[in-house]
1. Scan the stretch 188-245 residue by residue and report those that are within 19 Å of residue 154 (Cβ to Cβ) and of a type outside the set (S, T, N, Q).
2. Can you name every residue in the stretch 183-194 that is free of Cβ contacts under 8 Å to residues at least 24 places away in the same chain and within 23 Å of the chain's Cα centre (by Cα)?
3. Please verify whether residue 157 is at pLDDT 95 or above, surrounded by fewer than 22 Cβ atoms within 10 Å (Cβ to Cβ) and among the hydrophobic types (A, V, I, L, M, F, W, C), treating the condition exactly as stated.
4. For the stretch 164-181, what are the residues that are surrounded by 24 or more Cβ atoms within 10 Å (Cβ to Cβ), modelled with pLDDT of 95 or more and either over 25 Å from residue 60 (Cβ atoms) or among the acidic types (Asp, Glu) (or both)?
5. Condition first: among the hydrophobic types (A, V, I, L, M, F, W, C), under 18 Å from residue 69 (Cα atoms) and out of contact with any Ser or Thr (no Cβ under 7 Å at 6 or more places or on another chain). Now tell me which residues in the stretch 226-253 satisfy that.
6. Examine the stretch 206-225 for a residue that is touching a Pro at 6+ places or on another chain (Cβ under 9 Å), surrounded by fewer than 21 Cβ atoms within 10 Å (Cβ to Cβ) and aliphatic (A, V, I, L, M), and state whether such a residue exists.
7. Could you check residue 140 against (1) surrounded by 21 or more Cβ atoms within 10 Å (Cβ to Cβ); (2) at pLDDT below 90; (3) of a type in the set (Phe, Trp, Tyr) and say which number it fails?
8. Quick one: would you say residue 129 is in a strand (DSSP E or B), in contact (Cβ under 8 Å) with a residue 24 or more places away in the chain and surrounded by fewer than 17 Cβ atoms within 10 Å (Cβ to Cβ)?
Amino acid sequence: MRLPSSFDSCDILKNTKTFFAVFLTSFLSSFAFAQQAVPSSSAAPAKGIDTVDIAKKLANPIANMISIPLQYEFSRGVGANQAGSEQSLLFQPVLPFDLGGGDTFIVRPIISGVREINVQGTSGSSFTGSGIASVTVESFYAPNTNSSWIWGVGPYAISPSGNSGKFGSQQTGAGVTGVVLNRQGPWTYGLLAYQSWEVGGNPAFGTQNNLYGQPFVAYTNKQAWTFSTNMEALYNYDTRRTSNPLYAGVSKVVVIDGLPFSFSAGPM
């Protein structure tokens, strides 16, 4: 699951057009390698890889499983004149640590690279370039609940962009993130959220005073196909504006040369 970069308070029109264009025209594809951290069930197929179990875990942001997703996004109609385009690549590995007794601590760093072409801002000038948008670290302490309902909570941090505000805020943010979800049968549904506050940096390109909520639901069938949807609602306290991109997609876990891979695609 993707976390957005901070809201740019100096270029509201650009952001609004971007989210609108993504919703109408973009195609999001993600590639994920997953290695199970727990033994497969006796019903697992050949080579001991239970693709349905892996698909279910990939729908769970605090599953006890190592995964290395790469997410690519493309949008057009970006900028004040709607003549620009934007591409982004997110690298967001999931690293669980076993604390014993079924408790885990999950760390999810997220690095976002962006390429923009002919994107016009509210000042009338256009920009073409690429760089790192943000580096975010989510973490969750997830206790063993012995239930289909599970939860996790932990510290959250986001670094400033390294490109003079072209791809996001120049502020550092810190806060808390949490998730609660149910894994009942083929369904996985819940809410992931974070609250961040600015802890320093230049506010000219947007602040890190944000409240984020991501309700999500996924259905996994017996052929390891997963159908999912989520909304990424981000509210910035300083601009008093909210962005609400909606994603719907389908993914499939397959085994290639003894390793499980998940491929997914969908509009946003």
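1. Across the stretch 188-245, the qualifying residues are 190, 191, 192, 193, 194, 197, 199, 211, 212, 213, 216.
2. Residue satisfying the conditions is 193 alone.
3. Here the answer is yes, as residue 157 does meet what is asked.
4. 173
5. 227
6. Taking every residue of the stretch 206-225 in turn, none turns out to be touching a Pro at 6+ places or on another chain (Cβ under 9 Å), surrounded by fewer than 21 Cβ atoms within 10 Å (Cβ to Cβ) and aliphatic (A, V, I, L, M).
7. That leaves (2) as the condition not met.
8. yes
The values are calculated or read from the model by the stated rules, or taken from the named source; none is laboratory data. As the structure is a prediction and not an experimental result, all values here were calculated from the model. A quick note on method: Cβ atoms are made from the backbone with ideal geometry, for glycine too, and the neighbour counts reach across all protein chains shown.
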